[in-house]
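Everything below concerns the one structure shown next.
The values are calculated or read from the model by the stated rules, or taken from the named source; none is laboratory data. Small disclaimer: the values here were computed from a predicted structure and weren't measured. Ideal geometry is used to build each Cβ from the backbone, glycine not excepted, and the neighbour counts take in all protein chains shown. Just the protein is used for accessible areas: all its heavy atoms, side chains included, with ligands, DNA and RNA removed. Shrake-Rupley method; radii C 1.70, N 1.55, O 1.52, S 1.80 Å.
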Amino acid sequence: MTGIGGEAGARAARSRALAVLRVRGRALGVALLPAAAEVILLTGGATGQFAGPGWDLARWIVGGFALVVLLAAAGIALVVARARPAETPTVPVTERAAPDLYRLVRDLAERLDVPAPSAIALTPDCDSWLEDRTHPAHGPPPRETAGAPAGPGLAPASGDTPGGAAPAPVLVIGSPFLWWMRVAELRAVLAPVVAGTGPSAQPDIAAARRFVRGLDAAVAVSATSGRCPLTRGVCGALGWVARMLLRACREHAVLMERGVAAAAAERAQAVDYGPRIVAQEQVGLAYAGWDRLLTRVALPAWRMGRWPSRLDAGVVAALTELSRRDRLADGFTSRLGERPACDLLEEPGVADEAVSLLAARLFHGAPTGPGPHWAPVDWQAYPEEVVDRTWRAEAARLHRVLDGLPDRPPAPASGGATLARVLDHLTAPAEVPARRMPEDDAPVTPAAAQPEPDDAEDPTTERGSALAAGLSAELAREEGSVPRGATASGLGRDPELWDDGALPLFPLQPPRTGRELLVAHVTAMVCCAAVDSAGAAPGLDWLDGPTLLLDGKRAVDLGPRVLSLIEEGDPAPLRDWLAAAGIRPEKPVRLG
């Protein structure tokens, strides 16, 4: 049973849901006012009270206006009812693919005395929520997932459940939770989420949610007006009405959802309260490891058109490494002996691969590597297939840009691309063209009085700035040649996932600055020289991403020396490092 706080939250949620429905009722009443006035005029004319030419004209005017308003209201209502609300791209999981997971959720719903979710899906993110997918525009829920035949769901996915209640929503689970958490921890984390199916089954709350989602979808429909002036006008009117109604019920909808969350949290207090405290710590840890894995490990692969096919397994490796470095292993050793939540899936590897592909589509979008096609890569092959190839591609791009500069350095006598050529270019003084005196003999502004370039955020030498600008332009040209909306399968956009071609949906990082590109490309050139002349090897660090291995150990001191070269034009620290590592900058390196 729900406690006092939960009952208060449920009452508050239902009260706010009724307020949202009152907004809908008022809108309907406003739309019917002209028709009501026309009925009064017609009744008065039939009884002889409103007779005469003036009343006849009024009946025609009011009747025409009422007809227009009713048609417009019917059209808006149809769009609100049929427009497809936003749906999060997920990987569906059938009961046959995860019978133990379905059993866990079903038992949890029974303990909470709430309806069981209609289905389960995975998202490549560290979050879990309930999502209503019973809108008519959605059609029947998907019944298959990769490598798993269809199976029965937890509860009816469409139509009405017994008792006239609203159908249960879909339970969306963050995939990193399944791989890092233990079974008991996952159950504790899902308890307040599953408890939300109770308020979702309340008819007033379900109706209010459908109304708000329909308005939101109608606003999105109005944005696709096309070029026809008539279509733009109709869509503009639709958007104006939908936005006005959204503003009218926004506060009520927010407070309704807060009440639903409070009621669900209170109901879940009675289930696994102790484990839930420990599980919340794991949620934060999983999020930190997932974010670092995406930005430092997966992103370099996505940029070159490869997608790691076991991202969730990488989360476990990254968090294990984090616990080792931060001396947290003692606290995690005991829990690692318990059953991991991914064992609730019949084929964890298949699910991990499907989620990994979805993550590439969501967080990166179209590949920016050579060619529009993506290909999966295993963690064992990551150093050779991703790290080494990325270094070679960036080194080749660096030399192409260098060859295109007007003050490019001469090619080495031995031919080929060398690190020494890059060092010489970045350390040579820039040639400043002589100023010509204007014909009117006006005084030349002293150099000291010239405005200083704003390099507080992007400090580089003058030669470095030119090279960075060239790299930015070259990379923009390469990315522009990739077909818009290409997916990891190379088959174009998946209509089941995307509503338009604006990819990615969730960009991980802002575009890199010219200085960041220059640092990355010079570092790549150094790493290529180390591999080709000093027997170094590409490696993968679970927390820091691509790394250079010298004698089997990470080269952790390379970054500051590259920065000294680029920002100050001082090659001495880098040259000393190269000499100590036995790297020969004058030796040609293999590109591409």
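Within the stretch 136-144, not a single residue is under 27 Å from Gln282 (Cβ atoms) and either at pLDDT below 80 or assigned to a strand (DSSP E or B) (or both). Of all residues assigned to the stretch 191-200, at least one qualifies as being open to solvent by less than 20 Å² (accessible area, probe 1.4 Å) and closer than 17 Å to Glu281 by Cα. Out of curiosity, is Arg554 closer than 18 Å to Arg421 by Cα and not aliphatic (A, V, I, L, M)? It is false that Arg554 is closer than 18 Å to Arg421 by Cα and not aliphatic (A, V, I, L, M).
Within the bounds of the stretch 426-444, is there any residue that is at pLDDT 70 or above and either open to solvent by less than 40 Å² (accessible area, probe 1.4 Å) or among the acidic types (Asp, Glu) (or both)? Yes, the stretch 426-444 contains at least one residue that is at pLDDT 70 or above and either open to solvent by less than 40 Å² (accessible area, probe 1.4 Å) or among the acidic types (Asp, Glu) (or both).
Evaluate the following for Leu591: is it modelled with pLDDT under 90, surrounded by 18 or more Cβ atoms within 10 Å (Cβ to Cβ), in contact with a strand residue (DSSP E or B) (Cβ under 8 Å, 6 or more places away or on another chain) and not in a helix (DSSP H, G or I)? Here the answer is yes, as Leu591 does meet what is asked.
Checking Gly45 against (1) assigned to a helix (DSSP H, G or I); (2) without any contact (Cβ under 8 Å) to a residue 24 or more places away in the chain; (3) loosely packed, with under 14 Cβ neighbours inside 10 Å, which test does it fail? The number of the failed condition is (3). All of (1) surrounded by fewer than 16 Cβ atoms within 10 Å (Cβ to Cβ); (2) more than 30 Å from Glu353 (Cβ to Cβ) hold for Asp100 with one exception: (2).
Among Arg258, Arg292, Arg296, which is among the charged types (D, E, K, R), part of a helix (DSSP H, G or I) and surrounded by fewer than 16 Cβ atoms within 10 Å (Cβ to Cβ)? Unique residue meeting the criteria: Arg258. Within the stretch 264-289, take every residue that is open to solvent by less than 10 Å² (accessible area, probe 1.4 Å) and of a type in the set (Gly, Ala, Ser) and give me the one that is modelled with the lowest pLDDT. Per the criteria, the residue is Ala279.
Set side by side, the residues Thr224, Thr231 differ, and just one is among the polar types (S, T, N, Q) and assigned to a helix (DSSP H, G or I), which is Thr231. Every test in (1) within 51 Å of the chain's Cα centre (by Cα); (2) in a helix (DSSP H, G or I) is passed by Ala86 save one, and that test is (2). Go through the stretch 541-573 and count every residue that is open to solvent by less than 30 Å² (accessible area, probe 1.4 Å) and closer than 20 Å to Arg392 by Cβ. Matching residues across the stretch 541-573 total 7. Quick one: is Val105 in a helix (DSSP H, G or I), closer than 19 Å to Asp132 by Cα and open to solvent by less than 40 Å² (accessible area, probe 1.4 Å)? So Val105 fits the description; yes.
No other residue among Arg24, Arg14, Arg59 is touching a Phe, Trp or Tyr at 6+ places or on another chain (Cβ under 6 Å) and part of a helix (DSSP H, G or I) apart from Arg24. Could you please let me know if Pro124 is in contact with a helix residue (DSSP H, G or I) (Cβ under 6 Å, 6 or more places away or on another chain) and more than 27 Å from Leu311 (Cα to Cα)? No; evaluated as a whole, the condition is false for this residue. If we scan the stretch 208-222, do we find a residue that is β-branched (Val, Ile, Thr), touching a Pro at 6+ places or on another chain (Cβ under 7 Å) and at pLDDT 85 or above? Within the stretch 208-222, none of the residues are β-branched (Val, Ile, Thr), touching a Pro at 6+ places or on another chain (Cβ under 7 Å) and at pLDDT 85 or above.
Looking for something over 24 Å from Ala581 (Cβ atoms), open to solvent by 30 Å² or more (accessible area, probe 1.4 Å) and β-branched (Val, Ile, Thr) - is there at least one such residue anywhere in the stretch 521-540? The answer is no; no qualifying residue exists.
The residue pairs whose first member lies in the stretch 54-68 and is over 9 Å from Glu38 (Cβ atoms), whose second member is in a helix (DSSP H, G or I), and whose beta carbons are closer than 8 Å, counting only pairs six or more residues apart or on different chains, are Trp55/Leu41; Trp55/Gly44; Trp55/Gly45; Asp56/Gly45; Ala58/Leu41. Among the residues of the stretch 218-255, count how many are open to solvent by less than 60 Å² (accessible area, probe 1.4 Å), within 28 Å of the chain's Cα centre (by Cα) and hydroxyl-bearing (Ser, Thr, Tyr). The number of residues fulfilling the criteria is 2.
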